[in-house]
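What follows draws every value from the coordinates through simple rules; no lab data is involved. The structure presented is a predicted model; accordingly, all values stated were derived computationally and were not measured. So basically every Cβ, Gly included, is an ideal-geometry build from the backbone, and we count neighbours across all protein chains shown.
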Amino acid sequence: MKKKILVASIFENKEFESPERAQGLAALAEFTEVRSYDNKKFTGRDAPGIIAIIANSALFERSFYEAAKDLRIIARWGVGYDKVNVDIATELGVIITVAPVHMDAVAEYAIAQWMATLKRLYTLNNLSHKGDFSIIRTYEAQNSTLGLYGFGRIGQETAARAKPLLGPNGRLLVYDFRPDIADLAHEFGAEAVSSPIELFQNCDTVSLHVSGDDTIVGYKELCAMQPHASLINPSRGNLVDDRAVRQAIEEDRLYYYVVDDPANGPRAIHTGHPRIICTNHNAGISIESVIRLDLQTFRQVTDAVHGEKPQHILNPDVLKHPKVQGFLNQHKAIEG
């Protein structure tokens with residue numbers, strides 16, 4: 001059976017065609033057959049002949065890994081990995097990589113939403129289109145207090161951009177459970193706080209930069225906010241209790257909630273609400289970031305296919321697996 005490389009359907013989106021993408025797909029096709037997929041999940045029946053996948057958010061089940069005898073790598077087109085089943089991949093000898101090359105785009109999104117919410121742009125737009133030309137109260141970034149919940153790569157990129165806008169008298173507060181948070185915060189001219197509640201109580205705007213599936217912001221945290229404050233969530237919709245945030249906004253416990261998730265599924269509750277802004281998983285997507293994502297994942301797949309160790313391996317323990325040691329550093333081309 002001829003080996004296959006699968007690429008997510010994002011590569012068929014003409015909005016993001018580029019010479020780099022065309023050249024990268026053509027280079028992969030020199031190794032073996034390249035196919036686009038739109039699977040929502042992968043099971044054992046999908047496994048035969050696949051040597052590599054550039055993956056979107058599809059679910060990979062244990063049966064897929066068990067049957068995928070040729071599979072070397074799943075390269076995530078992005079950094080989310082909750083549906084890849086990393087532990088199972090490690091157990092069965094499949095390298096999982098991420099592409100942490102869109103932090104700039106997400107950080108700029110957070111900054112843009114910070115400014116838009118301070119300036120009440122969404123409210124002003126709605127008023128104007130309804131024929132209400134009122135002048136309303138807005139706020140300045142300088143001398144305000146911005147809070148970052150989560151201080152990993154994207155949080156740090158956001159901090160670097162925010163600090164000049166806050167001015168010498170503004171405050172940048174950060175919360176993270178990492179042990180070095182106090183020293184790291186100091187490097188960015190920020191102050192570490194001891195709890196999420198302290199962050200929500202003291203900030204004019206809070207931006208979430210956290211991975212994972214757990215809901216970390218509920219009614220209690222939202223009630224700690226100031227009525228003029230806004231919550232920005234460029235990370236994952238599930239981090240915030242949707243019913244709680246809608247209730248809190250309707251009770252004027254905060255002013256805006258911005259989430260980089262579409263207003264469907266669990267977020268359908270927000271449809272039509274003028275102070276809840278939903279965007280379509282677009283925070284990390286720009287012309288430039290897509291090219292970086294393409295190039296990173298093309299390189300990761302190419303390295304694995306050629307028996308080289310790819311960059312940004314999420315499960316480094318897999319390198320000890322006999323299956324992986326069997327193809328690393330052997331520089332064998334794919335046999336058709």
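So here's what we get for this one:
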read-out: Mean-position separation - Cα centroids, the range 241-283 and the range 133-160, in angstrom; value: 18 Å
read-out: Between the range 299-315 and the range 23-58, the alpha-carbon center distance in angstrom; value: 15 Å
read-out: Whole-Hz ³J(HN,Hα) from phi, Karplus 6.51 cos²θ - 1.76 cosθ + 1.60, for the range 50-58, glycine and proline x; value: 7, 9, 7, 9, 9, 9, 8, 9, 5
read-out: ³J(HN,Hα), Karplus 6.51/-1.76/1.60, whole Hz, each residue of the range 140-147, x for Gly, Pro; value: 9, 6, 5, 6, 8, 10, 10, x
read-out: Residue 277 long-range amide H proximity, modeled H, under 5 Å; value: 257, 258, 259
read-out: Gyration tensor (alpha-carbon) shape descriptor, the range 182-298, a/c threshold 1.5; value: oblate
read-out: Inter-probe distance in nm under a simple model that places probes 7 Å from Cα toward Cβ, at residue 169 and residue 215; value: 4.0 nm
read-out: When the range 37-163 is reduced to its Cα atoms, the Kirkwood hydrodynamic radius in Å; value: 18.1 Å
read-out: From the coordinates shown, semi-axes √(5λ) of the Cα gyration tensor in Å corresponds to which of (i) 43, 35, 17; (ii) 32, 26, 22; (iii) 41, 21, 18; value: (iii)
read-out: Selection of GluC sites (Glu not before Pro), the range 206-284, meeting DSSP coil and at most 15 other Cβ within 10 Å; value: 251
read-out: Residue pairs, from the table 41/220; 40/119; 40/163; 83/119; 2/40; 119/220, whose Cα atoms sit over 30 Å apart; value: 41/220; 40/119; 40/163; 83/119
read-out: Residue-count net charge about residue 228 - beta-carbon cut-off 13 Å; Lys, Arg +1, Asp, Glu -1; value: +2
read-out: HN-Hα J in Hz across the range 251-266 - Karplus 6.51, -1.76, 1.60, θ = phi - 60°, x for Gly and Pro; value: 8, 6, 8, 8, 9, 10, 10, 10, 9, 8, 9, x, 7, 9, x, x
read-out: Under 12 Å, Cβ to Cβ, from residue 27 - net charge with Lys/Arg +1 and Asp/Glu -1; value: -1
read-out: Gaussian network model of the chain, springs between alpha carbon atoms under 10 Å - residue of 81, 109, 219 with greatest fluctuation; value: 219
